[in-house]
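Enquirer: Before I ask anything, let me first share the structure, which is written out below as structure tokens.
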Amino acid sequence: MRPLSRILLTACLGAAAARGETAPPRRVAAATIAPLASLAAMVAGPEWEIRTIIPPGVSPHVFEPSPRDVRRFAPARLVVAVGAGYDDWVGKLVAACASDAVLHDAGRSVGVVSEDGGDHDGEIGHDPHWWLSPKLAARALAPLAERFARLDPAGAAGYRMRARDGEAALLALDAELTALLAPVKGRPIVGAHNSWAYFAADYGLENGGAIETVPGREPSPRDIKRLLDLVRGRNVRVVFAEPQFPPAAARILASDAGIRVALVDAIGGVPGRADYAAMLRFDARAFRKGLGTP
Ligand SMILES: [Zn+2]
């Protein structure tokens, strides 16, 4: 991300000044993306308002916060990040705009760290899209509960109880998705960008490849050639676009290959896929439909 602009820092200071005057009615926490906000809300309970920093439809890989985004986020006492290099910009935002907020690296808490994250016990990978695995998402809840408990010791028992209930709900969701995707096991996913590796591993799908291999970069003719070979060689019938990525490349690949475009969503936060479970159900159904034999 580019350095925070002067206008942003000005907005930041304005927001900080306004904070004392109009204290929000509930405690505020923030998460960088909607599914993470949804996971945090499972643990936080009614005492907290959880805000999402990135508006829907924007790719977090190339996000730059606007002054409006900053104003919404500035009152947060806890900020939850995906981690593993996905939303590193949030560290600067917290330092500049909400310096008394605690930053929680949820990826690190489940064992996902960036390449340069150094030695780490229990490390499971570097791919930041861990929340697309309900099993990994379930692991994020207990550390979140401890984070909330430190900020609000009187509520500790409630946070821990909700984290346990949330884990059970996420494992039930995992079982539901396993059953839903059983008919398309072994089929390759070709997606807009490389976000579905953990999801594919959980449900026995093949992570076939992505149109965009580097965030924010258009695919090269060589990328397209590689995907066309995969599509033809494996009898792929659909390419999965995502709302946060420009649709042109998926359309070009689909029309070159004579296949369809279907939509999946790794970020959600919009009606129909507003919360975590709704988003993953939407995705599992889209994959099942798209990968199924016509
Ligand atoms: Zn991504």
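Enquirer: Of the conditions (1) within 15 Å of the ligand (Cβ to nearest atom); (2) surrounded by fewer than 23 Cβ atoms within 10 Å (Cβ to Cβ); (3) not in a helix (DSSP H, G or I), residue 192 satisfies every one except a single condition; which number is it?
Expert: Exception for residue 192: condition (2).
Condition check ((1) outside the structural domain of residue 213 (by TED's automatic domain parsing); (2) under 22 Å from residue 148 (Cβ atoms); (3) within 16 Å of the ligand (Cβ to nearest atom)) across all residues:
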| site | (1), (2), (3) |
| --- | --- |
| 33 | yes, yes, yes |
| 87 | yes, yes, yes |
| 96 | yes, no, no |
| 116 | yes, no, no |
| 132 | yes, no, yes |
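Enquirer: Does region 205-212 contain any residue that is surrounded by 15 or more Cβ atoms within 10 Å (Cβ to Cβ) and in contact (Cβ under 8 Å) with a residue 60 or more places away in the chain?
Expert: yes
Enquirer: For region 254-273, which positions are in a loop (DSSP other than H, G, I, E, B) and surrounded by 17 or more Cβ atoms within 10 Å (Cβ to Cβ)?
Expert: Those that are in a loop (DSSP other than H, G, I, E, B) and surrounded by 17 or more Cβ atoms within 10 Å (Cβ to Cβ): 259, 264, 265, 266, 267, 268, 269, 273.
Enquirer: Kindly provide the set of residues from region 248-281 that are farther than 30 Å from residue 171 by Cα and within 16 Å of the ligand (Cβ to nearest atom), ordered by number.
Expert: 249, 250
Enquirer: Starting from residues that are within 14 Å of the ligand (Cβ to nearest atom) and free of Cβ contacts under 8 Å to residues at least 24 places away in the same chain, keep the ones in region 213-245 and report whichever is nearest to residue 178 (Cα to Cα).
Expert: Here the residue is 213.
Enquirer: When you check residue 100 against the structure, is it surrounded by fewer than 20 Cβ atoms within 10 Å (Cβ to Cβ) and either more than 23 Å from residue 159 (Cβ to Cβ) or within 16 Å of the ligand (Cβ to nearest atom) (or both), yes or no?
Expert: No: the conditions fail for residue 100.
Enquirer: Let me ask you something else. State the number of residues belonging to region 221-244 that are among the hydrophobic types (A, V, I, L, M, F, W, C) and more than 25 Å from the chain's Cα centre (by Cα).
Expert: Total meeting the criteria: 5.
Enquirer: Which one of the conditions (1) more than 22 Å from residue 32 (Cα to Cα); (2) at pLDDT 85 or above does residue 249 fail to meet, given that it meets all the rest?
Expert: Condition (2) is where residue 249 drops out.
Enquirer: Here's another thing I want to ask about it. Here are some residues: 164, 150. Which one is within 22 Å of the chain's Cα centre (by Cα), in a helix (DSSP H, G or I) and either within 25 Å of residue 282 (Cβ to Cβ) or away from the ligand (no atom under 16 Å from the Cβ) (or both)?
Expert: 164
Results for (1) surrounded by fewer than 19 Cβ atoms within 10 Å (Cβ to Cβ); (2) free of Cβ contacts under 8 Å to residues at least 24 places away in the same chain; (3) within 16 Å of the ligand (Cβ to nearest atom), shown as yes or no for each residue.
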site	(1), (2), (3)
63	no, no, yes
124	yes, yes, no
135	yes, no, no
142	yes, no, no
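The values are calculated or read from the model by the stated rules, or taken from the named source; none is laboratory data. As the structure is a prediction and not an experimental result, all values here were calculated from the model. Please note: Cβ atoms are built from the backbone with ideal geometry, for glycine as well, and neighbour counts cover all protein chains shown.
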